[in-house]
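In what follows, a single structure is set out as structure tokens and then discussed.
Here, each number is a calculation from the coordinates, and none is a lab measurement. Given the structure is predicted, the values throughout are model-derived calculations rather than measurements. Quick reminder, even Gly has a Cβ in these numbers, built from the backbone with ideal geometry, and neighbours come from all protein chains shown.
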Amino acid sequence: MRWRPCDVLWLGLLSSWVLAACGSPDESPPPAPAKPSEVVFDVAPTQNLCPVFTYYAITPTSIPPLTIAEIAAFVFDPDGADPELEWKATSGWFSSAHVANTRYLCDAVGPQTLKLSATDSTGCERHVKLEVTCLEE
């Protein structure tokens, strides 16, 4: 059998294709990709959410001295813990200064500011202010 130049060219192309597809017998397999030994994620700690007031009111808003005003408030900590509560006033008394719903008695004539502070376990504090007018007798 006699080989023509185009047959040799054809065999050359065919062998190049076979070698490209299958690799030559003296080629080693490609190296395996490196496996990471450990993956570390730097995750920021959970952000603290401060207490939230959803309702607060005083009834009535004008009272004579030593007359009771009812106070209602609702506050919660989105993180799940019960916040510490504390009522303060420019003048007067609370029946309980560490609960949301309480009673207030004024002892001085004029406008009084009542402040409810709510503090969560991380020290984040929020507060609301209510105004009541203490009337003359």
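Structural remarks
- For Thr133, residues with placed amide H under 5 Å, excluding near neighbours: Ser62, Ile63, Gln112
- The Stokes-Einstein estimate for segment 52-134, based on a Kirkwood radius over Cα pairs and taken at 10 °C with 1.306 mPa s viscosity, is a diffusion coefficient of 123 µm²/s.
- Cβ-based net charge around Leu116, under 10 Å, with every Lys or Arg adding one and every Asp or Glu removing one: +3
- Taking other residues whose beta carbon is less than 9 angstrom from the beta carbon of Ile58, and scoring Lys, Arg as +1 and Asp, Glu as -1, yields -2.
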